[in-house]
Amino acid sequence: MTFSVFITGLYNFTVPLKLRIVSWLMILFNGLCMVASAYYAMEFATQSEPSLIEVFHLPIWAQGTAAALSGIMKITVGIGILRALRWARSLYVVAFVFEIAVAVMDYPPSLYQLLIPSFLISCVVLYLLFRKSSSQYFQRKPAIQIS
């Protein structure tokens, strides 16, 4: 089975362009963020001097775990969107709520404004996932099931 068949499946319909773009960006950027998070976690763990990381409330291992969980959830959502799996939209909502909860616990109130761009992008993605044409796409049945 090739990589593209694994990701998109064997369906007799195409993914709407907006959903295709969102899902591939989700897969790409969250994969890169997971690699960057692992790198910076190692960097901060080896520093002996105080750094910006001390401004946040959660320990570095908790931040890394939250970043990894979020990345895994969103990569899974991206694959689920390409395969027209209905639960992918619900998982995105779970990932969105999880990220907001972790950010509120971790960030000091003076830095909440840094969350605004991420929040707005997530709201746009939520809109794209739950609009009428997207709902019709997720209601379709695949022609062939891959087991």
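Tabulated data
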{"read-out": "Derived scalar couplings ³J(HN,Hα) [segment 62-68; Karplus, 6.51 cos²θ - 1.76 cosθ + 1.60; whole Hz; x for Gly, Pro]", "value": "6, 5, x, 5, 5, 5, 5"}
{"read-out": "Simple spin-label estimate for Leu69 and Gln139 in nanometres, 7 Å along Cα-Cβ", "value": "3.4 nm"}
{"read-out": "FRET efficiency estimate (nearest 0.05) - Cβ-Cβ, Ser118 to Leu28, R0 22 angstrom", "value": "0.85"}
{"read-out": "Residue-span extension gain [Arg131 to Leu17] - 0.36 nm each, minus C-alpha spacing", "value": "39.7 nm"}
{"read-out": "Spin-label model distance (nm) - Ile60 vs Ala101, 7 Å beyond Cα toward Cβ", "value": "2.6 nm"}
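Laboratory data are not the source of any read-out in this text; all were calculated from the coordinates shown. Bear in mind that the values here come from a model prediction, so they are computed numbers and not experimental data. Virtual Cβ from ideal backbone geometry, glycine too; neighbours counted across all protein chains shown.
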